[in-house]
Amino acid sequence: MAHDLPEWVAELTDPRRAETLDELADRLVPLAEHVIDVSRRLNAQLGELNDPFKREALYERVESLKGRVGESLEEVNAEIAASVRQRVERILADWTDRAGGGGPGERELRRRLDREIVPALTRQQQDVAERVAARTSEALEEATQLLLTRIEQLAEPVTDLVHHVLPLAHDGLALAGRISTLSGRARTAGPGPIPDDLRDAGTETSRAFDEAVARLELEWSALGARSATVRAALRGAEESAFSQVVEAMNRCVEELALSHVQALDAAEAKARTLVEG
């Protein structure tokens with residue numbers, strides 16, 4: 001195949017083709033380093049896969065959800081406050097148009113509005129805000145429980161996967177230790193041809209290396225795909241929980257909208273009697 005290496009690469013690197021003890025020792029070292037590298041990468045990926053299910057990560061995820069909901073609630077409260085403020089400004093603008101400017105009359109009107117109209121509008125604003133907050137809090141509690149349940153359901157197969165793959169990484173590191181030991185034996189045996197026992201050990205170690213690395217690389221690749229799926233699932237669960245709360249919040253606002261507008265209309269009508277009086 002096009003990606004196959006030239007024959008001379010194996011001739012110069014394969015421990016099974018070594019002719020002297022020094023060559024055997026030298027060729028075993030990269031094998032140990034390779035197994036260590038793959039095993040450590042696999043260990044790191046297992047850690048990344050498991051990290052989102054630790055207590056601290058769960059706490060941060062819930063707090064993130066609460067923070068996002070809090071920001072949305074602040075926006076709704078700001079809109080409610082703006083609707084009240086706009087009514088007061090409209091009343092003042094209407095009086096200014098009629099009176100042809102400000103002056104003492106405007107200051108007097110502002111005092112009467114503050115005394116007779118604004119308190120009612122403030123109570124209305126607080127009432128709507130409190131009802132929306134209560135509905136949001138209830139929805140947030142339900143969404144948080146659903147989020148945690150989904151994470152728990154996801155954690156079970158992830159834990160099983162970690163328990164299945166982790167021993168392979170440990171076996172890889174153990175194999176690297178055996179390879180290093182064999183390299184050391186060859187190094188201390190002195191120069192010269194390779195004895196039969198060391199040649200047999202080198203052949204067996206090379207075979208074990210080929211099998212272990214193929215298995216570790218395959219598990220690492222599969223684990224990467226599974227990790228991406230798990231991360232996407234966690235993001236999806238959090239987004240679903242957030243959407244659930246926002247939907248409940250918006251539904252509450254829609255239910256209260258008519259009565260809120262009616263209360264503002266009543267306050268404005270009362271204020272107009274002060275303007276026309």
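Let's see how each residue does on (1) outside any helix (DSSP H, G or I); (2) within 30 Å of T136 (Cβ to Cβ); (3) hydrophobic (A, V, I, L, M, F, W, C):
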{"position": "A212", "(1), (2), (3)": "no, no, yes"}
{"position": "S240", "(1), (2), (3)": "no, yes, no"}
{"position": "V246", "(1), (2), (3)": "no, yes, yes"}
{"position": "L256", "(1), (2), (3)": "no, yes, yes"}
{"position": "H260", "(1), (2), (3)": "no, yes, no"}
{"position": "E268", "(1), (2), (3)": "no, yes, no"}
{"position": "R272", "(1), (2), (3)": "no, no, no"}
task = Sort through R123, R178, R112, R185 and tell me the only one that's open to solvent by 60 Å² or more (accessible area, probe 1.4 Å) and in contact with a Leu (Cβ under 6 Å, 6 or more places away or on another chain).
result = R112
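Taking V9, is it in contact with a Ser or Thr (Cβ under 6 Å, 6 or more places away or on another chain) and surrounded by fewer than 18 Cβ atoms within 10 Å (Cβ to Cβ)?
In short, no.
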note = Residue set T205, T149; condition open to solvent by 20 Å² or more (accessible area, probe 1.4 Å), within 30 Å of E247 (Cα to Cα) and not aliphatic (A, V, I, L, M); output residue T149
task = Would you please list the contacts, defined by Cβ atoms under 8 Å and residues six or more apart or on different chains, that run from a residue in the range 75-92 that is open to solvent by 100 Å² or more (accessible area, probe 1.4 Å) and acidic (D, E) to a residue that is outside any helix (DSSP H, G or I) and modelled with pLDDT under 85?
result = none
ask   = For the subset of the range 31-74 comprising residues that are open to solvent by less than 50 Å² (accessible area, probe 1.4 Å) and free of Cβ contacts under 8 Å to residues at least 12 places away in the same chain, which member is farthest from P15 (Cα to Cα)?
value = G70
Contacts under 7 angstrom Cβ, first residue in the range 4-27 being on the phi > 0 side of the Ramachandran plot, partner in a helix (DSSP H, G or I) and open to solvent by 30 Å² or more (accessible area, probe 1.4 Å), 6 or more apart = none
Residue list for the range 177-233, restricted to those being of a type in the set (G, A, S) and either within 25 Å of L154 (Cα to Cα) or under 35 Å from the mean Cα position of the chain (by Cα) (or both) = A212, A214, S221, A222, G224, A225, S227, A228, A232, A233
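The values are calculated or read from the model by the stated rules, or taken from the named source; none is laboratory data. These numbers come from a predicted model, not from an experiment. Counting neighbours? That spans all protein chains shown, and the Cβs are built from the backbone with ideal geometry, glycine included. These accessible areas exclude ligands, DNA and RNA; they are computed on the full protein's heavy atoms, side chains included. Shrake-Rupley method; radii C 1.70, N 1.55, O 1.52, S 1.80 Å.
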